[in-house]
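Inspection log for the structure reproduced underneath, given as C-alpha cells.
Each reported figure results from applying straightforward, stated rules to the coordinates on display, with no laboratory input. Everything numeric in this text was worked out from a predicted model, so none of it was measured. Every residue, glycine as well, gets a Cβ built from its backbone with ideal geometry; the counts of neighbours run over all protein chains shown.
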Amino acid sequence: MLLSAEARGETPATVYIQPLGAALADADVELVVTALREVYALSVKQLPRVELPAAAWYAPRKRYRAEKLLAFLTDRKPADGMRILGLTAVDISTTKGKVFDWGVLGLGDLDGPAAVISTFRARKKARDDRHVRERLAKVAVHEIGHTLGLPHCPNAGCLMEDAEGTVGKTDTEYDLCSRCRTLLMEGGHSIPAMPNLPWPKP
Ligand SMILES: [Zn+2]
Ligand SMILES: [Zn+2]
C-alpha cells in the first residue's frame, strides 16, 4: 500500500496558487487556502499574479477556455509543486458532451497537474460576498479532488458531486463522503478524517 508523504514523515505536498488576471479579494484567496489545507492537508503557496494567456481567449463567447488555461498553468507549475491551481474572476468554459462551449465554475483533469476555478459563476444569485467565497472554496476542493484522482460522486451532499453547471448545487454540499475518502486513500493520498471545514453545514 502506498503511504502519503505525511505518513512517511515527509513535509506535506505543495499546491501552488496562481492568480490569473485581475486579483481576487484577499478574503476569497484565503478561504480557498484554508479549505485546501483543512480538507487535503496540503501545503499551499501563492505565486505572483500573471495576466490571462491570450491563447485561451474564446472570442465567439468572449470568455476563456479552461482546458487552455490548464495547459498554461501546467507549464508554470514549480518543480517542487504537486499541483497548481489557477484563480480567476473571468468567465471560463470548456467542452461538455455535445456542448462545445459550456461555462464552468472550474476545471481539473483527473490525475492532472493543474486545475482552474473562477468566481464568475459563483456570484449567481449569491446572498453576499461570503456566500460567493464559500462556493469558490468548495469548487477548489472539487477540482483539486479531480487532480488527486477523484471522479464525480453520486452521493448527495458530497463535494465531488457533478454540479452540472448549476452553482446552487455547491450550496447543498459539505464534505467529501466516505466513498471519496476511501478512493483518495487507495490512491495514496491520506487526508484528515475530521476536517475543520470553513463553511456551515447545509
Ligand atoms: Zn467535476
Ligand atoms: Zn463522494
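Here is how the numbers come out for the structure above:
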{"quantity": "Protection proxy ranking, peptides 120-131, 170-181, average beta carbon neighbours within 10 Å, highest first", "calculated": "170-181, 120-131"}
{"quantity": "Entries in 68/124; 68/169; 98/125; 45/201; 68/96 that, when Cα-Cα distance is taken, lie over 21 Å", "calculated": "68/124; 68/169; 98/125; 45/201"}
{"quantity": "Tail fraction, Cα-Cα pairs, region 14-186, threshold 20 Å, whole percent", "calculated": "47 percent"}
{"quantity": "With Cα atoms, 0 to 90° folded angle of helix 66-76 axis to the chain main axis", "calculated": "60 degrees"}
{"quantity": "Rounded FRET efficiency, nearest 0.05, which uses the C-beta distance separating residue 50 from residue 155 and R0 of 25 Å", "calculated": "0.10"}
{"quantity": "For region 30-79: rounded, prolate or oblate by the Cα gyration tensor [a/c cutoff 1.5]", "calculated": "prolate"}
{"quantity": "Simple label model, 7 Å out from Cα along Cβ direction - residue 99 to residue 74, nm", "calculated": "2.4 nm"}
{"quantity": "Relative contact order computed over the chain (Cα-Cα under 8 Å; 6+ residues apart), in percent", "calculated": "22 percent"}
{"quantity": "On Cα atoms only, tilt of 26-40 relative to the major axis of the chain in degrees", "calculated": "40 degrees"}
{"quantity": "Region 104-177, Cα convex hull volume normalised per residue, Å³", "calculated": "72 Å³"}
